[in-house]
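As structure tokens, the structure follows; a few thoughts come after it.
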Amino acid sequence: MLITSAIALVAGCAGLGRRVELPSEKQFEREQLRVFSDVELPKNHRLLEELTARRRDIANILLLPMSDEPIQVYLFDDEKRYQRYLKQNHPQFPNRRAFFLKNDTELKVFAYWGEFVAEDLRHEVTHGYLHATVPNIPLWLDEGLAEYFEIPRGEKGFHRQHIYFLTKHAKQNRWHPSLTRLESLVDPAKMSQLDYAESWLWVHYLLETKPEYRKLLQDQLARDRMTGKAKPLSNFLHELVGDEQDEVIGHLVELSNAMKKEQ
Ligand SMILES: [Zn+2]
């Protein structure tokens, strides 16, 4: 989830009880990450190591330069405190487990310690790394990449939940892939679960099938970074492939078969 905000923080919301402070004790600083947590973190926490390593993974896979712009990560000790903080400070935000907030001067991630904290942090911190380098990244690509990189390292973005979800919808004839439709989305709050899943599928197809497709994605990100508003990727993909919608469905079928073999 990405939120770009120029909206001033709402101060002193009456009626919501005592003001919730942000986690303030800095527990971890490495490369771009500044982690503030309610909970004491061991120095070599595996998740934090993984989040740091992601910076290099993203740069290597997408051929993007690394930025030094800090990403502040706020980790609340529980969901209640996190929710109260959000209500008081960002009442306009949709209800999500975690989010990434970008304004003119800062990149921030908010999350809480819970069952999904690892996945949530991998996802939101990916937004931070991407926006530090490609500030105008298109929404679908931003979310597709965050979904790809929310999967633990070494699994090459193999997102079982999305494979299952998309396969089910395709079989019921309730979904047909369309990259041009995804490219037209501009409001993160209006992205459905299916939009997230499809964005992930296109990213996975581009990164994990043919080297020339991966290069196409790398070139697109380079253009997005340099020009701010590049011609949509679907134009280049269609020129290169021709029947990319059939191919992406074929890719989904292969992934679905691979998943069945695991069981
Ligand atoms: Zn996201």
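The values are calculated or read from the model by the stated rules, or taken from the named source; none is laboratory data. Because the structure is predicted, anything quoted here is derived from the model rather than measured. Positions of Cβ are generated from backbone atoms using ideal geometry, with glycine treated the same way; all protein chains shown enter the neighbour counts. These accessible areas exclude ligands, DNA and RNA; they are computed on the full protein's heavy atoms, side chains included. Shrake-Rupley method; radii C 1.70, N 1.55, O 1.52, S 1.80 Å.
Residue count for region 88-109 under the criterion of being open to solvent by less than 10 Å² (accessible area, probe 1.4 Å) and touching a helix residue (DSSP H, G or I) at 6+ places or on another chain (Cβ under 7 Å): the result is 5.
Just the residues that are open to solvent by 50 Å² or more (accessible area, probe 1.4 Å) and touching a strand residue (DSSP E or B) at 6+ places or on another chain (Cβ under 7 Å), please, taken from region 59-76. The answer is E69, P70.
Yes or no: region 204-215 includes at least one residue that is over 19 Å from the mean Cα position of the chain (by Cα) and of a type in the set (S, T, N, Q). Can you show your working first?
Keep residues of region 204-215 that are over 19 Å from the mean Cα position of the chain (by Cα), which gives 209-213, 215.
Now drop any that are not of a type in the set (S, T, N, Q), which leaves 209.
Scanning region 204-215 turns up at least one residue that is over 19 Å from the mean Cα position of the chain (by Cα) and of a type in the set (S, T, N, Q).
Among A189, A170, A146, A197, which is the only one that is farther than 23 Å from K102 by Cβ and within 13 Å of the ligand (Cβ to nearest atom)? Don't jump to the end; show me each part of the working.
Details: A189 fails: farther than 23 Å from K102 by Cβ; A170 fails: within 13 Å of the ligand (Cβ to nearest atom); A146 fails: farther than 23 Å from K102 by Cβ.
When all the criteria are applied, what remains is A197.
Look at (1) more than 13 Å from the ligand (Cβ to nearest atom); (2) within 14 Å of the chain's Cα centre (by Cα) and you find that L130 fails only one, number (1).
For the condition basic (K, R) and under 16 Å from S234 (Cβ atoms), what is the one hit in R174, R181? Before you say what the answer is, go through the steps one by one.
Values: R174 fails: under 16 Å from S234 (Cβ atoms).
Matching residue, one of R174, R181: R181.
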